[in-house]
Every structure is written in structure tokens, then in C-alpha cells.
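The block underneath contains the structure these notes are about, expressed in C-alpha cells.
The values are calculated or read from the model by the stated rules, or taken from the named source; none is laboratory data. Predicted model, so just to flag it, every value in this text is computed and none were measured. Counting neighbours? That spans all protein chains shown, and the Cβs are built from the backbone with ideal geometry, glycine included.
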Amino acid sequence: MIISVKNIENVDDKIFSGDELPFFAAPKEERLRMFKVAMENEKVKIIWAFHGRYGCGEFVEDCFNIEQKGDKVLIGYSDITVLHLLLNNHYNIPTIHGSVLTSLLPPTNQAIMPIIDVLEGRKSKIQLTPIKKISEENITGTITGGNLTVFSKLIGTSVNLKKSNILLLEDVNEKGYTVHRNLVQLKNAGIFECIKAIIFGVFTKGDEFIEQTIKSFYLNDIPNIRTYKAVGIGHGEVNHPVIMHHEVIISSNVLSFTSPFEIVENK
């Protein structure tokens, strides 16, 4: 697998171009077809996103009747938030919020071995920084969320957003007021009603008001929810893989989970 990933740098982005809109890798019908093929082919065990970018939300409403054949592991982040929520809450499949394939290459250079560890079934621990601690009690539950902007745009769709009690949020290239707007939208839609803890990952390349915005929101709008910060989840050089829709525990400011996967053989 590692050797195969190294070959990604030889792939020309242009082979994925084929839509009238320049920001799509292919027409909607082709993207849907490729996802359907991966879900219905029992030999396909890992669905690893090549890019994040944008496009999953355009075809997700056509995915609810796809027949899953065999075990699947989805890996990706950013726009892949859409597919995480689809597989987690409709197909009841745990997934890996982690690097897309191109993020393993320059200039991002995210590490592949943490994902391999998860695929081998190893236990993972991620250090959290409490930014609003309500109690010292452990929190056990499952994680939902992903990219804040993408997550907020799924409100009002057929995708179920309310099946977990720990919310993970990260984003990139957003200004403080847009982050605040998206958080308020989540609140107004009732997303926080069953949430016991929020983990804010990195908000990469945002403006100087991002931290102030997040602090103001959790102090004034969700004062009774425990809130943490996690350096290294999101669009940075480090992107720790996180299991979505699988039991995790927050204890002593550490997020830990045992991977449900044993797809890659541990030699």
C-alpha cells in the first residue's frame, strides 16, 4: 500500500477533468457511478478519497439505495464529510476521518503510518486541550462531524446529522464571520441538543478572528457543552486519523479509541 501511495505523485490531475464546471473531477453521473461501483464490489475493501475539494453533496441524495456488498472502509476528510455521514448514519459503517491521498504528497506531506495503524486495528490516542471544562467525568460515545462548512450545508438534506454525541469540527480558508454563521446555523438546527462534547480541530488559513469567534460561540451559545481543541486534526501538515461512528472515550484530556478494522495485515 505504501509503495502504491508513492505512485500517486505521477498521476496527472487532468485525467479527472471532464465536467463543464472546472471544479468537478468528473460529471455528477460519473462520480456517482464510481462510488456505486466501489460500494457494490465486494472485493473493494477501502474507499480512499483522492481529493477533498467539492462535489459529494451533489450526488449524495442518489446514494441511499446503493447496495453495500462486503465490508468497507472510507478514508478522507474535508468534502468527504458528506460520505462519512452517509456511511455512518445510513449504512451503519464506521469510517476514518483522515488524509485524502493527495494530502500525503507535497506540499502537505501528511503521514500515512497513523492511518495504516488504524487499518491494522491498533489503538489510537489523541491529546486534547480543554478550552471549557464542565466536569472531570469521562465521556464515552461516537464522533460525528468533520468539515464545519460542509456539515452545515447538509442541514435540510436527507443525510442524518444527529446520531452521535461528540462533534468534531475543522475547516480551511474561512473568515471568522463565516465560521460564526455556520456554528449558529448548527445551533438553530438543533445539532447541539444531544452533544456532550465538541472537539475543534485546526481552522487552517483562517483570518485573525477565528479563535475569538470560536471562543465567543462556546461561551455564549453552548455554555453547557464540554469543549476541546485538538491540534493536528484537519487541513494542516498533521492530520490524525479519527474513527467516526465507533465508540471512543475522552478521559484525562485524551481522546482514545480501538480501531474496529483489521484490513491491513500487521507483519
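Select, from THR227, THR204, the only residue that is among the hydroxyl-bearing types (Ser, Thr, Tyr), surrounded by 18 or more Cβ atoms within 10 Å (Cβ to Cβ) and within 22 Å of the chain's Cα centre (by Cα).
THR227
Given the condition at pLDDT 95 or above and either out of contact with any His (no Cβ under 8 Å at 6 or more places or on another chain) or surrounded by 15 or more Cβ atoms within 10 Å (Cβ to Cβ) (or both), answer yes or no: does some residue in region 18-25 qualify?
No, region 18-25 contains no residue that is at pLDDT 95 or above and either out of contact with any His (no Cβ under 8 Å at 6 or more places or on another chain) or surrounded by 15 or more Cβ atoms within 10 Å (Cβ to Cβ) (or both).
When region 75-109 is examined, which residues are found to be over 12 Å from the mean Cα position of the chain (by Cα) and closer than 18 Å to ASP171 by Cβ?
The answer is SER103, THR108.
Of all residues in region 127-144, count the ones that are more than 19 Å from HIS240 (Cα to Cα) and either in contact with a His (Cβ under 9 Å, 6 or more places away or on another chain) or not in a strand (DSSP E or B) (or both).
6
Within region 60-83, track down each residue that is in a helix (DSSP H, G or I) and more than 14 Å from ILE46 (Cβ to Cβ).
Those that are in a helix (DSSP H, G or I) and more than 14 Å from ILE46 (Cβ to Cβ): VAL60, GLU61, ASP62, SER78, ASP79, THR81, VAL82.
Could you figure out which of (1) at pLDDT 95 or above; (2) touching a Ser or Thr at 6+ places or on another chain (Cβ under 8 Å) isn't true of ILE112?
That leaves (1) as the condition not met.
In region 42-59, what count of residues is obtained for those that are part of a loop (DSSP other than H, G, I, E, B) and either of a type in the set (Phe, Trp, Tyr) or free of Cβ contacts under 8 Å to residues at least 40 places away in the same chain (or both)?
Matching residues across region 42-59 total 7.
Please count how many residues of region 236-266 are in contact with a strand residue (DSSP E or B) (Cβ under 9 Å, 6 or more places away or on another chain), of a type in the set (Gly, Ala, Ser) and not in a strand (DSSP E or B).
Total satisfying the criteria: 2.
In this structure, does LYS175 turn out to be over 19 Å from the mean Cα position of the chain (by Cα), closer than 29 Å to PHE59 by Cβ and not aliphatic (A, V, I, L, M)?
Answer is yes for this residue.
Matching residues to (1) crowded, with 20+ Cβ neighbours inside 10 Å; (2) in contact with a helix residue (DSSP H, G or I) (Cβ under 6 Å, 6 or more places away or on another chain):
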{"position": "ASN147", "(1), (2)": "yes, yes"}
{"position": "VAL150", "(1), (2)": "yes, yes"}
{"position": "ASN160", "(1), (2)": "no, yes"}
{"position": "SER164", "(1), (2)": "yes, no"}
{"position": "VAL172", "(1), (2)": "no, no"}
{"position": "TYR177", "(1), (2)": "no, no"}
{"position": "LEU183", "(1), (2)": "yes, yes"}
{"position": "LYS187", "(1), (2)": "no, no"}
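PHE192 - would you say it is part of a strand (DSSP E or B) and in contact (Cβ under 8 Å) with a residue 12 or more places away in the chain?
no
So which residues in region 36-54 are on the phi < 0 side of the Ramachandran plot and among the basic types (Lys, Arg)?
Within region 36-54, LYS36, LYS43, LYS45 meet the criteria.
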